Every structure is written in C-alpha cells, then in structure tokens.
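Input: a single structure, listed below in structure tokens.
The numbers here are math on the coordinates, done by the rules we state, and not lab data. Computed from a predicted structure; not experimentally measured. Cβ sites come from the backbone with ideal geometry, for glycine too, and all protein chains shown count toward neighbours.
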Amino acid sequence: MSNNGAGGRKRANAATSGRTTKIRKPRKPSPDDEDSNDSNISDQMPQEQRSPSPMPDEPMVKLPEELLKTFIKPAGRLLISGMVSWDLVAKRDNNPANRSHPNLYTFHKFTDRRYRLIISGCGSAHSVLISEEGEAYTLGRNNAGQLGHGDTTTRNLPELVPALKGMNIIHAACGRNHTLFVTDTGAVYACGENKSGQCGLGNTTPQILKPTRIRYHGAPIVKVGCGAEFSMILDCNGALHSFGLPEYGQLGHNTDGKYFVTSTKLSYHFETTPKHIALFFEKSKDGHVSPVKDVDIVDFSCGLNHTVAIDSKKRAYSWGFGGFGRLGHAEQKDESVPRLIKYFETSARGARSVHCGATYSLAVNELGVLFLFGQTKRTGEANMYPKPVQDLTGWNIRSVGTSYTSIVIAADDSLIAWGVSPTYGELGTGEITKSTARPKEVSRMDGLNITQVAMGYSHTLLIAEDSSDEVKQKLEKLPVFEP
C-alpha cells in the first residue's frame, strides 16, 4: 500500500507542478502560423532574459579528476556517412533532386580537426562534436536553434558554439530538435526547441537559440540524454531527473501528463524544470508490484519515447512507450514509472551498457553479449523481451550507434552494421548493398581502430584513433567529404 501512497503523492505533485504551467498553455497551437510564433518569441524575450536570473553563476568547482578522466576519450579523425542533406532528413518528400549533396554510401573523412567525443540522436538531423580541447562544435539541421548559434540557419560544416567558448564540454545529447551540453563543472546548458519545456528553463518559450543554463540546483550533472521531446539528466549521486513532454509516461513520474483543455482538445502538463525520478518498481509474474530499493543509476539511454537505465547493481529498468516490446517486459504496455527488466536479474546476466534506438533497445551484459528488444524494422516479428543477437557472439563490443532503424557497432578491429531498407548510406556498406537485415562486417573499415560510433536519424559519425602509422595509412585511402 505504501507504494500506492507514494504514487498518489506523486500524482498530486505532478498535478500541482502542471498547474504552474497551465497559464502558458494558450501559446501551444501557434507553430503553424509563422507570424504569431515570431511575435510570441519577441513577447517572451524580456521574460527569457529575466527568468534565469535566480540561477547562481556557473559553479566553479570542477568535477573530481578521476571522474573527468572517464569522460575524456582519446581523440581521432572524424568519418561520416549517410544522408548529409540535413533539411531533408526524416522528411517524406526527400526527392533526390532536392538534395544539397548526394548521400554518402561509404565513410568519408570529414574536416581536419581532431575530436574526442561525437554525439547525435536516433531522431536527430544534427550532431555535436567535442574537440580535443573540449570545445563544442555543432552541425546539421537548425530549424529551432538546436545548434546554439543564435540563428536558425543549417550548418553543413561543424561550427564552434560561441556561447560555450572557453568551457570544457564533457558530454552532450541531441533530441529531435534540441540539444543539451554538460561542462566539466557539472552544469547543463540547453538550446533548440522548447515547446514542451524540454530545455528545462522553467518556461515554454518555443525556441531557445543560444545555449542557456537549465534551472537546476542539485548535485553536479555527469550525463545527459534526450528523447524526441524530453530530456534526462543524471547527477553524480546516481539520481535521474527528467523534464519536457510527459506523454506515454516517458518522464517516469507516474503520469502521462494528459488533460482536456476543452471537451475535444488534449494537452499535457509539461515539466519545464528537472524533476527527480524517485521511484523504481518491479512486477512479479502474478502482477504483484513492489518498490526496488537502493537504486543508483550509472548509465542510461533515451529512445524517441522511452528510456532504459542501469544501476550500480547491474539491474536494468525501462519506462515510457511500450510499443513493439522495446521496454523488454514481454508486453506492450506503456510504463510511467521505471520498471525493473526481469531478464537481467540473475547475476550472470547483469547489464553493462544500454543503447536505445527509435523503437528498440540494445543492452550489453557482463559477458559482452548483445541483446536486442523491440523492433528495428517496420514489419515482421518484434522481440518482446531481450534476445541475444547471435551474429555478434564472441565479438568484443567497443562502441554502439543506434539510428532510427539502423545499428552500427565497433567491435574488436571491425565495424559491423545492419539495417533494413530504406537506408541512406548510414551503414557505410557501399552503393550496391545499401541495406542488410543481418549484421554484416563493413570490410573496408577493418583495422581503422574505430573507438566511437554515433548515429543520427540517417547518418553515422565515427572516430578513428589514428595514433598508429598503420591506421594513418588506411585513412589516407578514404575519400574526403567537403560540403
């Protein structure tokens, strides 16, 4: 019963927090008529400048060195493949004639700068690149200011984010049209679309064009993640906080946030500031529900409308949209509170890392076995619970990239990719075999020492760690992409 009480209290909280956002509701229906949108932004301007005023200045205390070391990976050369006509990504009418540049069906070298971290998202047409020095560069679609340059102009080349100059960026995340950045002091900056409060600034100003510090006063943040229209942040004490659109229960606060504005019009109580996810639960076979104690989250990943997280005891939890079994609970129900995935319970199967795509989830367990649940293709059977990907048995997985329907994995000294049609070159397998339903080695990438993979909706970024001469020689042979 106590569990129910907590749920009730949460619901009350959600309702009250929603009431504060209700006042701003009437601005919601304006995205189509451009003029009203502009006028909204200009009306909002003074408020937007004003609202962050109670925020203390950037915390000056750096995160502990040994923690920072875990974020700073060796830098290398950037490679790219897939669709690079950013404004056509995920659009129905992507007529090849309109492309600003043909799709790249093999990996190309891209810019001479060396990067230590590459980031995109399974629903994103933009990317964040962190240079060796910790400077943030962004490129791609910029329809809502998600690149953080103060405008809405698409960038075909990575460009330094002026507002973050001089800061050491250790992590970032890309949503459908918004971006989060984390500095080495544990502060989080957000920019891009904010119609659902996904930038965490305490308002729903439609667009935030420059990275702005989120309204959060808790422990330093070490990792961020973005769904399509929501955000998750993880603090150094293992607590998760979420904000943005509560649809499907994806924020984990025991509510989907829906309410009726009029008898026919639905809206949501947006969470416009980070809110702690306090409860984790498990469900037994006979439907008995009990809370899980001592949950310290160490890693998590967001799909478009769901999240999977792992705690320090290697237990995995998932919540949000349940379609295609992407939550791994052997049913398609949405979960509005993080629910323990029973499959990873036994000691031999503990989860080590998680990676979410649009409608599926991947997890690597302690023994290095890759599991897939949900569905990567649009037809055929879905995995309703985690099933091992047999083709990757015995491979040592180094980095995993998940796009809308494709997966690219750096394993041992190879690159493995799969994804069903339509693909846009993000697999890097060449023009002839554009797509493949089974994992396939991308032979031309052998021996390139790929240390990181990041995927957007239909593009792939790689980092090739080129300290050895052998890798340098192989990189020489690759074509160059110059938009």
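At a Cα cut-off below 15 Å, give the aspartates and glutamates reachable from Lys283, other chains included and same-chain residues fewer than 8 away excluded.
Partners within reach: Glu331, Asp334, Glu335, Glu345.
Could you pull out the pairs from Lys223/Lys258; Lys377/Lys440; Lys223/Lys314 whose alpha carbons sit more than 24 Å apart here?
Details: Lys223/Lys258 28 Å; Lys377/Lys440 16 Å; Lys223/Lys314 18 Å.
The pairs that break the limit, which is 24 Å between Cα atoms, are Lys223/Lys258.
At a 10 Å Cβ-Cβ cut-off, how would you order Arg113, Arg92, fewest neighbours first?
Values: Arg113 16, Arg92 6.
In increasing order of surrounding Cβ atoms, one gets Arg92, Arg113.
Cα centroid distance between the stretch 321-342 and the stretch 70-84, in Å?
32 Å
In terms of Cα to Cα distance under 21 Å, which lysines are near enough to Lys265, apart from those fewer than 8 places away along the same chain?
Counting by Cα, and skipping residues close in sequence, Lys265 has these lysines nearby: Lys22, Lys25, Lys28, Lys195.
Only helical DSSP H runs with n ≥ 4 go in: add -39500 (n - 2.57) per run for the chain, normalise by residue count and round the 222 nm mean residue ellipticity to 500 deg cm²/dmol.
The helix-only estimate for the chain comes to -3500 deg cm²/dmol at 222 nm.
Tell me whether the stretch 66-163 comes out rounded, prolate or oblate; compute the Cα gyration tensor, take square roots of the eigenvalues as a ≥ b ≥ c, and use a/c under 1.5 as the rounded threshold.
On the way: a/c = 2.23, a/b = 1.57, b/c = 1.42.
Prolate, because a/c is 1.5 or more and a/b exceeds b/c.
Under a straight-distance cross-link criterion of Cα-Cα below 12 Å, which aspartates and glutamates are reachable from Lys293, leaving out those fewer than 8 residues away in the same chain?
Reachable aspartates and glutamates: Glu282, Asp311.
So what J values fall out for the stretch 133-142 if you push phi through Karplus, 6.51 cos²θ - 1.76 cosθ + 1.60 with θ = phi - 60°, rounded to Hz, Gly and Pro as x?
My calculation for the stretch 133-142 gives 7, x, 7, 9, 10, 10, 8, x, 5, 9 Hz in order.
From the Cα trace of the chain, what convex hull volume per residue do you get, rounded to a whole Å³?
On the way: hull volume 74.2 nm³, N = 483.
So the per-residue hull volume is 154 Å³.
Arranged from highest to lowest average of other beta-carbon atoms within 10 Å per residue, in what order do the peptides 316-324, 148-156 appear?
Values: 316-324: 25.2, 148-156: 16.8.
Going from most to least packed, we get 316-324, 148-156.
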